[in-house]
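Trainee: The structure's right below; bear with me while I get my questions together.
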Amino acid sequence: MNPSSERRTPIRPGVLVARAVFPDVVARLVEHVDVETNDNDEIWPQPELIRRLQGKAGVFVTGGEKIDAALLAACPGLRAVCSMAVGYNNIDVPACTAAGVLVSNAPDVLTETTADFGFALMMATARRISESERFLRSGQWRHWGVDMFAGSDVHGATLGVLGMGRIGQAIARRGVLGFGMKAIYHNRSRLPEAVEHGLGARHVGKEELLREADHVVIVVPYSAASHHLVGAAELALMKPTATLTNIARGGIVDDAALARALQERRIAAAGLDVFEGEPVVHPDLLSLPNVVLTPHIASSSLPTRRAMANLAVDNLLAALRIGQQAGRPPTALNPEVLG
Ligand code: GLV
């Protein structure tokens, strides 16, 4: 027997890319691993996801695929779960750690883009941009009016940031430096004094923030602790002229309670990029004029979405010990699993 015929080509690990992703970013994986893609961008039910993960060492996910203990038990070959989202409430990280599976998310690369959007959504809400555009497009505009679509000012107003992580801080910077806003924030842990000073933001209790702010922007991660962080009781504390913007996750705001508050004009308006049960949106929100609705696009600029996808690939290649980054996933959430 020819000894060279006995030499085996090393087996390439298998990776599942669970959603349709930029082809050139997927090509970076194809160079090194066997890749199964989801070019039709189907939303796979859990059994289908599990079926496709059989024999795969890694999976590229977004904020939508549920990675839980049951999936891990059914996919014993899985070694890395790399998400292109910053929020990772869809992934049971402790269960992954217990199973020795590396998890990564995609922080930092989306901070400024997401803050731009949060600020834009807050401004569109305060200045009634969607509502007035709908009026114009439907042919109702007959003449200029003195108080036509008169909203509330953003400049000089009080900005209340609920959740002061990287994105919250970037929003506060925009408000204070760009628009002369007064910034207050509430966070479980207070920022160091020097950081507060640099931002010009004051830490307050949640209730004070809700009472004082003209524009509340929510940027907290979703967890059991932040479920319905803003419900009927919290909305009741807000000024009737105030706006509420949520770019964090559905479920942090009680959407039914918010719809009631908007209907009864207990607050002026809301801007929502995320929803409980999305892509289904509470029907009362859909029919209200004083709410700006966008389909979970806060991080969606092309350069940023590309950077997020590339970061997930960097993490996957490193976790599977491939290429120059082998073993050093840049944004691992549980690097301890690599030893
Ligand atoms: C988007 O919502 C993300 O978490 O990146």
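The values are calculated or read from the model by the stated rules, or taken from the named source; none is laboratory data. Bear in mind that the values here come from a model prediction, so they are computed numbers and not experimental data. For neighbour counting, all protein chains shown are included, and Cβ atoms are generated from backbone atoms with ideal geometry for every residue, glycine included. Only protein heavy atoms, including side chains, enter the accessible area calculation; ligands, DNA and RNA are left aside. Shrake-Rupley method; radii C 1.70, N 1.55, O 1.52, S 1.80 Å.
Trainee: Here are some residues: Glu212, Glu264. Which one is more than 14 Å from the chain's Cα centre (by Cα), under 21 Å from Arg174 (Cα atoms), open to solvent by 10 Å² or more (accessible area, probe 1.4 Å) and acidic (Asp, Glu)? Give the derivation first.
Mentor: Numbers: Glu264 fails: under 21 Å from Arg174 (Cα atoms).
Every option except Glu212 fails the conditions.
Trainee: Additional query: Based on this model, can you work out whether Ala257 counts as open to solvent by less than 10 Å² (accessible area, probe 1.4 Å) and small (Gly, Ala, Ser)?
Mentor: Yes: the conditions hold for Ala257.
Trainee: Report, by residue number, each residue of region 301-331 that is surrounded by 20 or more Cβ atoms within 10 Å (Cβ to Cβ) and aliphatic (A, V, I, L, M).
Mentor: Answer for region 301-331, where residues must be surrounded by 20 or more Cβ atoms within 10 Å (Cβ to Cβ) and aliphatic (A, V, I, L, M): Met308, Ala309, Leu311, Ala312, Val313, Leu316, Leu317, Ala318, Ala319, Leu320.
Trainee: Hey, Ser83 hits all of (1) small (Gly, Ala, Ser); (2) away from the ligand (no atom under 16 Å from the Cβ); (3) within 15 Å of Asn315 (Cβ to Cβ) but one; which does it fall short on?
Mentor: (2)
Trainee: Separate question: Does region 63-77 hold any residues that are within 25 Å of the chain's Cα centre (by Cα) and more than 16 Å from the ligand (Cβ to nearest atom), and which are they? Can you show your working first?
Mentor: Step one: of region 63-77, the residues within 25 Å of the chain's Cα centre (by Cα) are 63-72.
Once the filter is applied, which keeps residues that are within 25 Å of the chain's Cα centre (by Cα) and more than 16 Å from the ligand (Cβ to nearest atom), region 63-77 yields Asp68, Ala69, Ala70, Leu71, Leu72.
Trainee: Same structure, new question: Considering only residues of region 286-300 that are buried (at least 20 other Cβ atoms within 10 Å of the Cβ) and away from the ligand (no atom under 16 Å from the Cβ), which is nearest to the chain's Cα centre (by Cα)? Full working, then the answer.
Mentor: First pass over region 286-300, keeping only residues buried (at least 20 other Cβ atoms within 10 Å of the Cβ): 291-292, 298-299.
The next check asks that each one be away from the ligand (no atom under 16 Å from the Cβ); those that pass are 291-292.
On the way: Val291: 20, Val292: 17 Å.
Ranking the candidates gives Val292 first.
Trainee: Please find, among Phe117, Phe60, the residue that is part of a strand (DSSP E or B), open to solvent by less than 60 Å² (accessible area, probe 1.4 Å) and either more than 16 Å from the ligand (Cβ to nearest atom) or within 26 Å of Ala248 (Cβ to Cβ) (or both). It would help to see each step written out before you state the result.
Mentor: Values: Phe117 fails: part of a strand (DSSP E or B).
The match here is Phe60.
Trainee: So which pairs qualify, if the first residue must be in region 293-311 and in contact (Cβ under 8 Å) with a residue 40 or more places away in the chain, the second must be aromatic (Phe, Trp, Tyr) and buried (at least 16 other Cβ atoms within 10 Å of the Cβ), the Cβ gap must be under 6 Å, and the two must be at least 6 apart or on different chains?
Mentor: Partner pairs satisfying both residue conditions: Ala298/Phe117.
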